[in-house]
Amino acid sequence: EKAHQVWMACALISMGTLNIFHAAVSPGNLFVRLHSTAQFAGGLFFPLVWLLGQISDSPPVKYLPLTLIFGITALGILSILFGEFIPEMVVQGKFSPLARALNILGRIGFLIAASFFMVHYQASSARSDYLFAIHCSLFGATGILFELSQLWDAAWWWHLLRLMAYSGGLVLAVSSYRNTEIKLQQSEIIDYAYLAANPAYLEIM
């Protein structure tokens, strides 16, 4: 049932890592390249949630998130070290066809993924599905606004939408961690209560 989560992890790892590099460089060709690649990576992995569980549960796929951590980090470092070899992303103050193509493909992927989470939410009413439906919809919207903007013009307020999308994911992660912690504490209380009610069990131990 949760096999699709591996693709969610792949998307978030790729996007988050590339956006860290994106935030660390000055505006320009590399700046736009890292953003566009992050958008494309998210739009590439998120739609894979539609794949059958047999594929998502396969051993090679399970190790993919760990592999991506190193692979995407290496890509970011190489992009900074060899920035002169990166194709032009900004031409005469406007985004190049390649930059637009990466964002369009990413936008399509996010909207496809959003439909998956909406379908799942209608079936399960799980809060996580609802949050990720919003998450993917917001990133899909940023892809649309990217098409309408130029470098650092007034339309760049769409970064606020990206912040909202990441904030939703952060809230879900913190909430899930807290729920897990509460369940562990409740389990320990139950164990102690059982031992107190069954002292003979301690003698066996």
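The values are calculated or read from the model by the stated rules, or taken from the named source; none is laboratory data. Source: prediction; values computed, not measured. Please note: Cβ atoms are built from the backbone with ideal geometry, for glycine as well, and neighbour counts cover all protein chains shown. Ligands, DNA and RNA are stripped out before the accessible areas are found, and what is left, the full protein with its side chains, is counted by its heavy atoms. Shrake-Rupley method; radii C 1.70, N 1.55, O 1.52, S 1.80 Å.
Nearest 0.05, what FRET efficiency do residue 74 and residue 115 give at R0 = 35 Å with Cβ-Cβ as r?
On the way: r = 33 Å, r/R0 = 0.93.
According to the calculation, E is roughly 0.60.
Could you tell me the calculated FRET efficiency between residue 62 and residue 100, based on Cβ-Cβ distance and R0 = 30 angstrom, to the nearest 0.05?
Values: r = 34 Å, r/R0 = 1.15.
Efficiency, rounded to the nearest 0.05: 0.30.
With every protein chain present, what is the per residue accessible area of region 1-146 (1.4 Å probe, Å²)? Could the numbers behind the result be given before it?
Working: 7190 Å² over 146 residues.
I get 49 Å² per residue for region 1-146.
Want the number for residue 122 to residue 81: 0.36 nm per residue separation, take away the alpha-carbon distance, what's left? If you can, show how the numbers build up before the last one.
Numbers: separation 41, 0.36 × 41 = 14.76 nm, distance 4.65 nm.
Answer, rounded to one decimal: 10.1 nm.
Over region 1-147, what percent of the accessible surface lies on carbon and sulfur atoms, probe 1.4 Å?
Values: 5110 of 7240 Å².
That share works out to 71 percent.
Roll a 1.4 Å probe over the protein heavy atoms and report the accessible area of residue 121 in Å², nearest 10.
Using a 1.4 Å probe on the heavy atoms, I get roughly 70 Å².
Among 99-109, 76-86, how do they line up by average Cβ neighbours within 10 Å per residue, starting with the highest?
Values: 99-109: 20.5, 76-86: 13.0.
Packing proxy ranking, top to bottom: 99-109, 76-86.
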